[in-house]
Structure formats: C-alpha cells, structure tokens
Amino acid sequence: MVNLRLFNEVDLKIEFKGIQFNTSMGNSNKEATFQSILHRLLQKFTQKGINILITIDEVKATPLLRKLVSCYQIMLRDSLNVSLLMAGLPENVSEIQNDDVLTFLLRANRITLNPLDVESIKNSYSHIFKEAGYQLDIPTVIYMTKQTKGFAYAFQLLGYWVWKSAHEQDDPVITKETIDRILNQYISDLFRNVYYKVYHEMTEKERQFVQAMVKIGRPKVKAQEIGREMDKKPGYISVYRRKLIDDQIIMPASYGYVQFMLPYFDRFIEEQIMLDEF
C-alpha cells in the first residue's frame, strides 16, 4: 500500500515485504524534506536486499527533474539499491545530459532505440488481426507495414485506425482499400500529434536542412545536393546532418545519401514550406 503526496505537504505510508514506513511533512515539520524521506525509505529497502527502479517517461530538463536527479546522485553515493530509468526524445535526453547541474549523467548508459524491424511489424499485424477473426493477405500486410517506416507510434496508430475502420464496416476482409480509406486520418494524426512538435522544436538551420531535402524532391538525397540547395559548404552540412540523424529525423540511406526516418514527414515539411510562403 503506497500513498504519496508531494506538494504543499508530504504524506507517505508504505507497507511492503515486512517494511513499515509512515511519515508526514506539513507546516509543523518544515525541516523534513522529500530527499530525507526518500533517503530513509531507500535505506530500509536496501537493508532488506530490495532493489528499487525509478522510471520517468517523456523527460525534460525541468527544475523538478533536476532536483530528483540530484537526489539520485546522493543515493548512489550512499550505495543505496536504487536505479533510474528515463525515456524521452533524443534532443531532450541530450539537454539533460549536458545540463550544468546534471553532468554526472554523461556517465549513464544511453540506449538509442532503432526503428522497429519490418518483419516484427508485419508479423504483429498479421497475428493480431487474424486472431481477431479478420482476413488479410500478405500484400495487404506489407502495404500496411510500409506506411509506418518502422516508427513505433505510427505502428500503433495505423493499427488502431485500420481496426476501427474494419469494425465499423463490419467486414472481416481487410484490403488495401481498407487502409487507403483511413490513410488521411492516420497522416493527419501523425502531423498533429508528433510532427508539429518535432518541427517547431528544430532550430532554424535544421528546418532549412529538411526543407532543402524536400525541395530536391527525391526519397534519397545526397549531402552534396543539400549543400548546393542551401548554398553551404560540406563542413556546415555535416554538422546538421549528424544532429538530425542523432535526433532520429533522418537516417543514412547509402553512402553520402540521407532520407527521412518518419513516415510522411516529407509531406508535412512540404505543407510547412507552403504555409511559410503566405
């Protein structure tokens, strides 16, 4: 049983595997802090040989996160059994690791998640829909898979819209036409839920880079062509090429070439270029 409140006051009650811990912090006990409460709690878990994992999703370098990570550093120094797992967009993770207060995180193990592989997506779609009583052939599954380009959110989003469409049509057979019927809604959700934020968090130079890729007009673009379009030297292009690869916006396609990593991101950029012209 856990009850935790951390704003104007702290009220913490825990019973777990023989550990009883009950403390509170209000106006009558201002000297107590969340750090000291957490420290005492983790000491009890460590004494019992219990390991604690703290997980944080969608991390950003906020004051609260800095405070928590600073507490975590002290816990490690005191050899307490606690680990911290954080997940977030590459640019946000880089910002945290390069924060002046949190430099010790540079020693942390950073794992970059690659796009989902084609076989996993294809097999998942095929298995899930067939288990639910729907029929779809291999060409349809492959067509569906290609719309995601391995992007995990796109994989979930497309599956949701295809499922919804098939259910509403009350048709057990899923075809290319079923997918095409919801494609605009799928793309619209990608634009609104992901791409708008990604694009507007780019620097101006990064936007110019991806706009140059779209203006060239081919799925795979040579770095030299991007340099000519932007009127910039190879050294300049390589800096932003590396940054956009690290941020998982583009990916190497073959020697000297890059392509967009996100499905329909080129169409989104094309729309932004047209909007900027107004």
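The values are calculated or read from the model by the stated rules, or taken from the named source; none is laboratory data. Fair warning: this is a prediction, and the values are worked out from it, not measured in the lab. Using ideal geometry, Cβ is built from the backbone for each residue, glycine included, and neighbour counts are taken over all protein chains shown. The area values use the complete protein model at the heavy-atom level, side chains included, leaving out ligands, DNA and RNA. Shrake-Rupley method; radii C 1.70, N 1.55, O 1.52, S 1.80 Å.
Key figures for this structure:
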| item | result |
| --- | --- |
| Leading residue by the ranking (surrounded by the most Cβ atoms within 10 Å (Cβ to Cβ)) among those in the stretch 221-235 that are hydrophobic (A, V, I, L, M, F, W, C) and not in a strand (DSSP E or B) | I226 |
| One residue from L80, L64 being out of contact with any Ser or Thr (no Cβ under 7 Å at 6 or more places or on another chain), among the hydrophobic types (A, V, I, L, M, F, W, C), under 27 Å from D99 (Cβ atoms) and at pLDDT 50 or above | L64 |
| Top-ranked residue of the stretch 208-230 - restricted to ones that are basic (K, R) and in contact (Cβ under 8 Å) with a residue 12 or more places away in the chain, ranked as nearest to G150 (Cα to Cα) | K220 |
| Top-ranked residue in the stretch 42-61 [being among the hydrophobic types (A, V, I, L, M, F, W, C) and in a helix (DSSP H, G or I); ranked as nearest to L102 (Cα to Cα)] | L42 |
| Contacts under 6 angstrom Cβ, first residue in the stretch 176-189 being in contact (Cβ under 8 Å) with a residue 12 or more places away in the chain, partner assigned to a helix (DSSP H, G or I) and of a type in the set (S, T, Y), 6 or more apart | K176/T140; K176/Y143; T178/S165; R181/S165; I182/S165 |
| Boolean, Q211 is on the phi < 0 side of the Ramachandran plot, of a type in the set (S, T, N, Q) and surrounded by 15 or more Cβ atoms within 10 Å (Cβ to Cβ) | yes |
| Of all residues in the stretch 130-188 being β-branched (V, I, T) and open to solvent by 20 Å² or more (accessible area, probe 1.4 Å), the one that is farthest from P115 (Cα to Cα) | V173 |
| Some residue of the stretch 118-126 being modelled with pLDDT of 95 or more, of a type outside the set (G, A, S), in contact with a Lys or Arg (Cβ under 8 Å, 6 or more places away or on another chain) and in a helix (DSSP H, G or I) | no |
| Filter result for F34 (more than 21 Å from the chain's Cα centre (by Cα) and modelled with pLDDT under 80) | yes |
| Test: residue in the stretch 137-153 that is touching a residue at least 60 places away in the same chain (Cβ under 8 Å), touching a helix residue (DSSP H, G or I) at 6+ places or on another chain (Cβ under 9 Å), over 20 Å from D57 (Cα atoms) and of a type in the set (V, I, T) | yes |
| Sole residue being touching a residue at least 24 places away in the same chain (Cβ under 8 Å), in contact with a Ser or Thr (Cβ under 8 Å, 6 or more places away or on another chain) and of a type outside the set (D, E), chosen from V93, V118 | V118 |
| Residue tally, condition of a type in the set (D, E, K, R) and part of a loop (DSSP other than H, G, I, E, B), over the stretch 86-117 | 4 |
| Residue among Y264, Y255, Y196 that is at pLDDT 95 or above, under 24 Å from P115 (Cα atoms) and either surrounded by 13 or more Cβ atoms within 10 Å (Cβ to Cβ) or out of contact with any Lys or Arg (no Cβ under 7 Å at 6 or more places or on another chain) (or both) | Y264 |
| Residue list for the stretch 236-250, restricted to those being within 28 Å of L183 (Cα to Cα) and either free of Cβ contacts under 8 Å to residues at least 40 places away in the same chain or open to solvent by 80 Å² or more (accessible area, probe 1.4 Å) (or both) | L244, I245 |
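Here's the yes/no breakdown for (1) over 29 Å from V198 (Cα atoms); (2) open to solvent by less than 40 Å² (accessible area, probe 1.4 Å):
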site	(1), (2)
L76	yes, no
L84	no, yes
E95	no, no
R107	no, no
V118	no, no
H127	yes, no
